[in-house]
1. Given Cα pairs under 8 Å that are at least 6 residues apart, what percent is the relative contact order of the chain?
2. In debye to the nearest 20, how big a dipole does the chain give about its Cα centre with +1 on each Lys and Arg Cβ and -1 on each Asp and Glu Cβ?
3. Over region 1-78, what is the mean sequence separation of C-alpha contacts under 8 Å (at least six apart), divided by residue count, expressed as relative contact order in percent?
4. Mind ranking 61-68, 156-163 by how tightly packed they are, going by the mean number of other C-beta atoms within 10 angstrom, highest first?
5. Please work out the average accessible area per residue across the chain, using the 1.4 Å probe convention, and give it in Å².
6. Where the centroid of each part is defined by its Cα atoms, how far is region 81-116 from region 118-174 in Å?
7. For region 168-185, in order, what is each residue's ³J(HN,Hα) by Karplus, 6.51 cos²θ - 1.76 cosθ + 1.60 with θ = phi - 60°, in whole Hz (x at glycine and Pro)?
8. Please check: in the Gaussian network model of the chain (C-alpha springs, under 10 Å), which one of LEU166, LEU37, LEU116 has the largest mean-square fluctuation.
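The values are calculated or read from the model by the stated rules, or taken from the named source; none is laboratory data. Everything numeric in this text was worked out from a predicted model, so none of it was measured. Note: ideal-geometry Cβ built from the backbone for every residue, glycine included; neighbour counts use all protein chains shown. What goes into the accessible areas is simple: the full protein's heavy atoms, side chains included, and nothing from ligands, DNA or RNA. Shrake-Rupley method; radii C 1.70, N 1.55, O 1.52, S 1.80 Å.
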Amino acid sequence: MNALFSEIVVIPVIRIESSERAVELARTLVDAGLSMLEITLRTPAALEAIERIASEVPEAVVGAGTVLSASDLNRVARAGARFAIAPGCTQTLYRESSDMPLPLIPGVATISEVMLGMEHGYEHFKFFPAEAAGGTAMLKAWAGPLPQARFVPTGGITIDNAPSYLALSNVLAVGGSWMVPEDAIEAGDWTRIAGLARACAGLRVGER
Ligand code: 3PG
(Lines give C-alpha, C1' and ligand atoms only; values in the text may rest on other atoms or scores of the structure.)
Protein backbone atom coordinates (compact mmCIF):
# COMPACT_ATOMS: atom_id res chain seq x y z
CA MET A 1 0.00 0.00 0.00
CA ASN A 2 2.84 2.40 0.76
CA ALA A 3 3.99 1.94 -2.85
CA LEU A 4 0.64 3.24 -4.08
CA PHE A 5 1.22 6.46 -2.16
CA SER A 6 4.96 6.80 -2.63
CA GLU A 7 4.80 9.97 -4.76
CA ILE A 8 1.27 11.05 -3.87
CA VAL A 9 0.42 14.15 -1.85
CA VAL A 10 -3.08 15.07 -3.04
CA ILE A 11 -5.88 12.81 -4.35
CA PRO A 12 -8.61 14.61 -6.30
CA VAL A 13 -12.05 13.32 -5.27
CA ILE A 14 -14.09 13.47 -8.47
CA ARG A 15 -17.84 13.48 -9.01
CA ILE A 16 -18.43 13.16 -12.72
CA GLU A 17 -21.79 13.38 -14.50
CA SER A 18 -20.58 12.47 -17.98
CA SER A 19 -17.98 9.85 -18.85
CA GLU A 20 -17.31 11.87 -22.03
CA ARG A 21 -15.39 14.30 -19.86
CA ALA A 22 -13.34 11.65 -18.05
CA VAL A 23 -10.32 11.31 -20.33
CA GLU A 24 -9.69 15.03 -20.74
CA LEU A 25 -10.18 15.59 -17.03
CA ALA A 26 -7.72 12.83 -16.15
CA ARG A 27 -5.14 14.13 -18.65
CA THR A 28 -5.49 17.64 -17.24
CA LEU A 29 -4.92 16.43 -13.68
CA VAL A 30 -2.01 14.15 -14.58
CA ASP A 31 -0.33 16.91 -16.60
CA ALA A 32 -0.71 19.24 -13.62
CA GLY A 33 1.02 16.69 -11.36
CA LEU A 34 -1.94 14.85 -9.79
CA SER A 35 -1.83 11.23 -10.95
CA MET A 36 -3.85 9.34 -8.31
CA LEU A 37 -7.53 9.95 -9.04
CA GLU A 38 -10.59 8.89 -7.04
CA ILE A 39 -13.79 8.67 -9.09
CA THR A 40 -16.72 8.49 -6.68
CA LEU A 41 -19.51 6.01 -7.37
CA ARG A 42 -22.06 8.76 -6.91
CA THR A 43 -23.17 9.11 -10.50
CA PRO A 44 -24.27 6.63 -13.17
CA ALA A 45 -21.27 7.74 -15.27
CA ALA A 46 -18.67 6.78 -12.65
CA LEU A 47 -17.93 3.20 -13.75
CA GLU A 48 -17.57 4.12 -17.41
CA ALA A 49 -15.36 7.06 -16.40
CA ILE A 50 -13.07 4.65 -14.51
CA GLU A 51 -13.00 2.30 -17.52
CA ARG A 52 -12.09 5.07 -19.93
CA ILE A 53 -9.37 6.53 -17.75
CA ALA A 54 -7.92 3.07 -17.06
CA SER A 55 -7.67 2.30 -20.76
CA GLU A 56 -6.89 5.72 -22.25
CA VAL A 57 -4.78 7.49 -19.60
CA PRO A 58 -2.26 4.88 -18.43
CA GLU A 59 -0.21 7.51 -16.56
CA ALA A 60 -3.16 7.97 -14.17
CA VAL A 61 -3.63 5.69 -11.17
CA VAL A 62 -7.41 5.61 -11.20
CA GLY A 63 -9.46 4.25 -8.34
CA ALA A 64 -13.03 4.29 -7.10
CA GLY A 65 -14.51 6.17 -4.17
CA THR A 66 -17.79 5.78 -2.30
CA VAL A 67 -17.38 2.00 -2.42
CA LEU A 68 -20.04 0.71 -0.03
CA SER A 69 -20.34 -3.04 -0.66
CA ALA A 70 -18.68 -6.15 -1.98
CA SER A 71 -20.62 -5.79 -5.21
CA ASP A 72 -19.22 -2.25 -5.63
CA LEU A 73 -15.73 -3.69 -5.12
CA ASN A 74 -16.34 -6.28 -7.83
CA ARG A 75 -17.73 -3.72 -10.25
CA VAL A 76 -14.87 -1.28 -9.83
CA ALA A 77 -12.25 -4.03 -10.10
CA ARG A 78 -13.81 -5.13 -13.40
CA ALA A 79 -13.80 -1.51 -14.62
CA GLY A 80 -10.03 -1.31 -14.08
CA ALA A 81 -9.83 0.57 -10.79
CA ARG A 82 -6.40 0.21 -9.15
CA PHE A 83 -7.70 0.96 -5.63
CA ALA A 84 -11.00 1.42 -3.81
CA ILE A 85 -11.87 3.92 -1.11
CA ALA A 86 -14.84 3.57 1.26
CA PRO A 87 -16.30 6.41 3.34
CA GLY A 88 -16.58 4.04 6.34
CA CYS A 89 -16.34 0.26 6.62
CA THR A 90 -18.36 -2.75 7.71
CA GLN A 91 -17.40 -6.25 8.82
CA THR A 92 -18.80 -7.54 5.51
CA LEU A 93 -16.71 -5.18 3.42
CA TYR A 94 -13.55 -6.07 5.38
CA ARG A 95 -14.25 -9.79 4.90
CA GLU A 96 -15.06 -9.56 1.18
CA SER A 97 -12.18 -7.23 0.35
CA SER A 98 -9.60 -9.78 1.47
CA ASP A 99 -10.28 -11.80 -1.72
CA MET A 100 -10.17 -8.81 -4.03
CA PRO A 101 -7.28 -8.01 -6.37
CA LEU A 102 -7.24 -4.28 -5.54
CA PRO A 103 -6.40 -2.56 -2.26
CA LEU A 104 -9.23 -1.09 -0.18
CA ILE A 105 -8.73 2.08 1.83
CA PRO A 106 -11.46 1.93 4.45
CA GLY A 107 -12.91 5.07 6.02
CA VAL A 108 -12.71 5.77 9.75
CA ALA A 109 -13.88 8.57 12.00
CA THR A 110 -13.28 7.11 15.49
CA ILE A 111 -10.43 5.31 17.22
CA SER A 112 -12.58 2.17 17.63
CA GLU A 113 -13.07 2.08 13.86
CA VAL A 114 -9.29 2.29 13.38
CA MET A 115 -8.86 -0.57 15.87
CA LEU A 116 -11.46 -2.66 14.02
CA GLY A 117 -9.62 -2.08 10.74
CA MET A 118 -6.32 -3.04 12.36
CA GLU A 119 -7.92 -6.29 13.58
CA HIS A 120 -8.56 -7.01 9.89
CA GLY A 121 -4.92 -6.29 9.04
CA TYR A 122 -5.33 -2.73 7.74
CA GLU A 123 -2.96 0.12 8.59
CA HIS A 124 -4.04 2.66 5.95
CA PHE A 125 -7.33 4.50 6.28
CA LYS A 126 -9.29 7.39 4.87
CA PHE A 127 -10.07 9.79 7.75
CA PHE A 128 -13.55 11.00 6.83
CA PRO A 129 -15.09 13.53 7.19
CA ALA A 130 -11.79 14.98 8.37
CA GLU A 131 -12.72 18.51 9.33
CA ALA A 132 -16.08 17.57 10.87
CA ALA A 133 -14.66 14.56 12.73
CA GLY A 134 -11.93 16.41 14.63
CA GLY A 135 -9.40 17.55 12.05
CA THR A 136 -5.69 17.64 12.80
CA ALA A 137 -6.27 17.52 16.57
CA MET A 138 -7.94 14.10 16.20
CA LEU A 139 -5.10 12.71 14.06
CA LYS A 140 -2.49 13.96 16.52
CA ALA A 141 -4.37 12.25 19.35
CA TRP A 142 -4.49 8.94 17.41
CA ALA A 143 -0.72 8.99 16.74
CA GLY A 144 -0.04 8.27 20.44
CA PRO A 145 -1.87 4.96 20.94
CA LEU A 146 -1.79 3.87 17.26
CA PRO A 147 1.56 5.01 15.83
CA GLN A 148 1.51 2.46 12.99
CA ALA A 149 -1.79 3.65 11.48
CA ARG A 150 -1.64 6.02 8.48
CA PHE A 151 -4.40 8.27 7.19
CA VAL A 152 -5.66 10.08 4.10
CA PRO A 153 -7.78 12.89 5.58
CA THR A 154 -10.66 13.83 3.28
CA GLY A 155 -13.74 15.99 3.75
CA GLY A 156 -13.35 19.73 4.20
CA ILE A 157 -9.71 19.82 3.06
CA THR A 158 -8.68 22.92 1.11
CA ILE A 159 -5.47 24.29 -0.36
CA ASP A 160 -5.18 26.39 2.81
CA ASN A 161 -5.63 23.73 5.50
CA ALA A 162 -3.91 20.88 3.59
CA PRO A 163 -0.39 21.82 4.86
CA SER A 164 -1.41 21.39 8.51
CA TYR A 165 -2.58 17.83 7.77
CA LEU A 166 0.41 16.94 5.57
CA ALA A 167 2.80 18.01 8.33
CA LEU A 168 1.52 15.22 10.62
CA SER A 169 3.60 12.04 10.95
CA ASN A 170 0.55 9.79 10.44
CA VAL A 171 -0.74 11.45 7.25
CA LEU A 172 0.10 9.81 3.91
CA ALA A 173 -1.72 12.23 1.62
CA VAL A 174 -4.91 14.31 1.59
CA GLY A 175 -8.03 13.91 -0.54
CA GLY A 176 -10.44 16.57 -1.68
CA SER A 177 -12.66 17.96 -4.38
CA TRP A 178 -11.50 21.58 -4.25
CA MET A 179 -9.46 21.32 -7.47
CA VAL A 180 -12.23 19.56 -9.46
CA PRO A 181 -15.33 21.78 -9.13
CA GLU A 182 -18.32 20.08 -10.71
CA ASP A 183 -19.28 23.15 -12.74
CA ALA A 184 -15.78 23.33 -14.24
CA ILE A 185 -15.93 19.63 -15.21
CA GLU A 186 -19.38 20.10 -16.75
CA ALA A 187 -18.19 23.14 -18.71
CA GLY A 188 -14.97 21.41 -19.79
CA ASP A 189 -13.05 24.30 -18.23
CA TRP A 190 -9.71 22.48 -18.18
CA THR A 191 -7.77 25.73 -17.77
CA ARG A 192 -9.45 26.41 -14.44
CA ILE A 193 -8.96 22.83 -13.25
CA ALA A 194 -5.32 22.83 -14.37
CA GLY A 195 -4.71 26.03 -12.40
CA LEU A 196 -6.29 24.62 -9.24
CA ALA A 197 -4.40 21.35 -9.65
CA ARG A 198 -1.05 23.04 -10.32
CA ALA A 199 -1.46 25.02 -7.11
CA CYS A 200 -1.23 21.67 -5.28
CA ALA A 201 2.34 21.22 -6.52
CA GLY A 202 3.57 23.36 -3.64
CA LEU A 203 2.12 20.94 -1.07
CA ARG A 204 4.55 18.50 0.55
CA VAL A 205 4.22 15.58 2.92
CA GLY A 206 6.20 15.99 6.15
CA GLU A 207 7.31 12.54 7.35
CA ARG A 208 5.89 9.35 5.89
C1 3PG B 1 -15.40 12.61 -0.14
O2 3PG B 1 -16.27 11.85 -0.44
O3 3PG B 1 -14.28 12.20 0.14
C4 3PG B 1 -15.76 14.03 -0.01
O5 3PG B 1 -16.93 14.34 -0.65
C6 3PG B 1 -14.70 14.97 -0.46
O7 3PG B 1 -14.81 15.97 0.42
P8 3PG B 1 -14.70 17.49 -0.02
O9 3PG B 1 -15.71 17.71 -1.10
O10 3PG B 1 -15.01 18.25 1.25
O11 3PG B 1 -13.29 17.71 -0.49
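1. For the chain, the relative contact order is 21 percent.
2. 380 debye
3. 31 percent
4. Order by mean packing, descending: 61-68, 156-163.
5. Accessible area per residue: 43 Å².
6. Spelled out, the Cα-based centre of one part sits 15 Å from the other.
7. Working through the residues one at a time gives 7, 5, 9, 9, 8, 5, 10, x, x, 9, 5, 9, 10, x, 4, 5, 5, 5 Hz.
8. LEU116
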